[in-house]
Amino acid sequence: MRLARLGFVSVLGLLPLLGFGCSDPAPPTPRGAYFMNFADPGASCNTRGHSEALGEVSASDRVRVLADGEQGAEIDCSVSGSGTFKVSARARNNTEVTEIRVNIPSIGPEATQEMPATGNISFSSAETVGKPFVSDPANPCKFWFVPESEQGVSPGEIWVVFECPAMKESQYTCELRRGALAFDGCGS
């Protein structure tokens, strides 16, 4: 009886074949957009009212959401959960020198203006001289979805409206009136 002679096959030579077709797809590029009205409610605010935007988003339209790196935008975000979601996002417009940071500990699709989710926002712009205004924890920002709109939240994405009745910087208090933000391609 003759035994077949087995040739030596290098394990290292097989590695490229073993990995073929098994690589994970590249994660999606985070994208973001926001629009907000920074308001001067009177003597308590040291910054004049102004509007700021990145991309094009409103309560009713999500026209243009910029990818991280597009037109000087820096986008970083996470939308995780199921049923209720935790949102952490940052969008910086290097051209206009504006930045928004958003933290919503818990938001579900049922959030309405009457029963909003709460969270906080930090915002700075050229108008605020680069000083960040931060929402007051005692009077947090409110986030909700407009009924019968395409707004919503799911793993990796959110489109929501918001307002912040008390944005503080030192002894000054201003407001963010009815704004909108949209993020997608977010990690979870």
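Kindly state which strands (runs of 3 or more DSSP E) lie completely within region 142-186 and contain at least 2 residues that are over 20 Å from Ala67 (Cα atoms).
Numbers: elements: 152-154, 157-169, 172-184.
Here the list reads 157-169, 172-184.
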(request) Filter region 118-138 down to the residues that are more than 25 Å from Phe85 (Cβ to Cβ) and assigned to a loop (DSSP other than H, G, I, E, B), then identify the one that is nearest to the chain's Cα centre (by Cα). (result) Ser125
(request) Give the number of residues within region 100-126 that are within 21 Å of Glu150 (Cβ to Cβ) and charged (D, E, K, R). (result) 2
(message) Let me confirm something: among Thr95, Thr84, which residue is touching a helix residue (DSSP H, G or I) at 6+ places or on another chain (Cβ under 7 Å) and either of a type outside the set (Asp, Glu) or on the phi < 0 side of the Ramachandran plot (or both)?
(response) Thr95
(message) Checking Asn93 against (1) more than 19 Å from Cys164 (Cβ to Cβ); (2) out of contact with any Asp or Glu (no Cβ under 7 Å at 6 or more places or on another chain); (3) buried (at least 20 other Cβ atoms within 10 Å of the Cβ), only one condition comes out false. Which one?
(response) (1)
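Condition check: in contact with a Ser or Thr (Cβ under 6 Å, 6 or more places away or on another chain), touching a residue at least 12 places away in the same chain (Cβ under 8 Å) and either surrounded by 18 or more Cβ atoms within 10 Å (Cβ to Cβ) or among the hydroxyl-bearing types (Ser, Thr, Tyr) (or both). Does Ser78 satisfy that?
Working: in contact with a Ser or Thr (Cβ under 6 Å, 6 or more places away or on another chain): yes; touching a residue at least 12 places away in the same chain (Cβ under 8 Å): yes; either surrounded by 18 or more Cβ atoms within 10 Å (Cβ to Cβ) or among the hydroxyl-bearing types (Ser, Thr, Tyr) (or both): yes.
In short, yes.
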(request) Just give me the residues in region 102-117 being crowded, with 17+ Cβ neighbours inside 10 Å and either in contact with a Gly (Cβ under 8 Å, 6 or more places away or on another chain) or under 15 Å from Glu175 (Cα atoms) (or both), in sequence order. (result) Val102, Ile104, Ile107, Ala117
(request) Name the one entry in Phe38, Phe85 that is at pLDDT below 95 and in a strand (DSSP E or B). (result) Phe38
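The values are calculated or read from the model by the stated rules, or taken from the named source; none is laboratory data. Source: prediction; values computed, not measured. Cβ: placed from backbone, ideal geometry, glycine included. Neighbour counts: every protein chain shown.
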